[in-house]
1. With the checklist (1) within 30 Å of residue 190 (Cβ to Cβ); (2) surrounded by fewer than 19 Cβ atoms within 10 Å (Cβ to Cβ); (3) in contact (Cβ under 8 Å) with a residue 12 or more places away in the chain in hand, flag the one item residue 449 doesn't pass.
2. Can we say residue 326 is of a type outside the set (A, V, I, L, M) and out of contact with any strand residue (DSSP E or B) (no Cβ under 6 Å at 6 or more places or on another chain)?
3. Going through segment 249-277 one residue at a time, which ones are in contact (Cβ under 8 Å) with a residue 40 or more places away in the chain and within 25 Å of residue 200 (Cβ to Cβ)?
4. Pick from 118, 89, 77: which is in a loop (DSSP other than H, G, I, E, B) and free of Cβ contacts under 8 Å to residues at least 40 places away in the same chain?
5. Would you mind listing the helices (runs of 4 or more DSSP H) fully within segment 352-470 where at least 2 residues are of a type in the set (A, V, I, L, M, F, W, C) and over 30 Å from residue 212 (Cβ atoms)?
6. Quick check on my filter: what residues within segment 27-73 are hydroxyl-bearing (Ser, Thr, Tyr), within 30 Å of residue 463 (Cβ to Cβ) and within 18 Å of the chain's Cα centre (by Cα)?
7. Give all pairs with beta carbons closer than 9 Å in which a residue from segment 34-58 that is in contact (Cβ under 8 Å) with a residue 24 or more places away in the chain and on the phi > 0 side of the Ramachandran plot meets a residue that is assigned to a strand (DSSP E or B) and buried (at least 17 other Cβ atoms within 10 Å of the Cβ); count only pairs at least 6 apart in sequence or on separate chains.
8. Within segment 278-313, restricting attention to residues that are in a loop (DSSP other than H, G, I, E, B) and without any contact (Cβ under 8 Å) to a residue 24 or more places away in the chain, which residue is nearest to the chain's Cα centre (by Cα)?
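Just so it is clear, none of the values below were taken in a lab; they were calculated from the coordinates. Predicted, not measured: the structure shown is a model, and the values here were computed from it. Note that we place each Cβ from the backbone using ideal geometry, even for glycine, and neighbour counts take in every protein chain shown.
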Amino acid sequence: MTEKVKVRPNKEDFLKDLSALIAIKSTKESSEAKDGAPFGPGPLAALNHMLELGKRDGFRTKNLLGYAGYIEYGPEDAEDYIAVLGHVDVVPATGNWSHDPFTLYQEGDTLYARGAIDDKGPTLAAYHALKSLKASGLPIRHRIRLVIGTDEESGCECLIKYNELEPMSLFGFAPDAEFPLIFAEKGRIFARIDVPGEEEAGAVQLAEFTSGERVNMVPDHAYAVLSGAEVEKWANEAKQKLNDQGTPFSAEKTAGGVKLTVKGKSAHGSQPADGINASFLLASALREIPFASSEKAFISLLADTLNRDFSGERLHVAFSDDISGDLTVNAGLSRYKGGQGGSVSLDLRCPIKADLEQTAETLTQTVEGFGFKIGRLEKSKPLYMDPKLPGVQILKRVYEEHMGQKDVTLLTSGGGTYAQYLDAGVAFGACMPGYPYTGHQVDEHVRLHDLLKASEIYADAMYELGNLEK
């Protein structure tokens, strides 16, 4: 095909729409879930905002019980549709941001906000691409459906429900990763290790330990509350170790003892080595304290077993393949309550060729060998699309034409996207090569030029996929 979408996104309109979407604090709030708002009011508000944009601009829209929705263009009687899968939920904005994370801040060509690149910015780029395609008047055979998800960061229940309610697309892509194109994504295992509690109490007790907001984030803060007759002595020992480690921390007296809080560095859970896990820092400073056996076992799990073991060697699940590289382990959530016990939740990203069932079985056996139990375990299969598939080749060619490149190398990823919920589909942008991916990090950012360029790429991709031969 030689025709291309000539209409380009309007920068001012794009920024106005993105600013309004960013302002919606769309983190999941399970405690506020209800019928029609299964993930709380924030994700629903963001979904409704996108659907209102679609109505404003003359598209067909539908809200699917608050789980997801879609904005659709193309011949209404077309049998098939092309899915473009974005999400408007975001992870919490933890850490010390330079600016309000829910107010779009622009410095030169750089946009800062939670969701700037994951995934509100790319989702808006895809939406404005749909507007460009509509304005161009170019003919397409299939419908183009921009699917808006609301639970991508916490289990993808939104897409599970979507697939229950709607037919499968002919092909699709998720604008929620990197260019040029990701054809393989690692499988995932979520595992919660439960540590039993006990009534025994020593001269110093671990009254509480808390770290992390989401299992797919490297926790950038952690705190522990110590109590008991010898709390001052051991709190001072821990403070000295934190000083020796060069770890930023604060200490304060509480009604029951001393609260120690440490700071790490957040990163995406698929790349745990890029962050500094605050739970490891704090547990390492507490590991010599003479806690009761359950408390000591919990601290040892973090400080000795999991500490910086990003490949799962100590858990006996390490694996690597020639497609997607090494298995990774992120200890994203750590909780302990004195007398009640605790848990550590792990996010494992498993290479394409790894046996998920065997990996899960080995993990369970190892954890039980430590004297703990797996309280919850979930698996999701990897994504692998043959790079020679016509849809994949179309996306590759469109990207190359826009970037003036030839024979670009397609990518694999440890991150999981909505593409895993398609029978045929891949992740496609919007982060440009050479620019850091800052999703889940403090001061998340993206270049405005890159989002507008992605929108142009998406418009042509939608046009060509809209005429994809079956």
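1. The one condition residue 449 does not meet is (1).
2. Answer is no for this residue.
3. Once the filter is applied, which keeps residues that are in contact (Cβ under 8 Å) with a residue 40 or more places away in the chain and within 25 Å of residue 200 (Cβ to Cβ), segment 249-277 yields 256, 257.
4. 77
5. Qualifying helices (runs of 4 or more DSSP H): 390-403, 448-465.
6. 67
7. Filtered contacts from segment 34-58: 58/73.
8. 311
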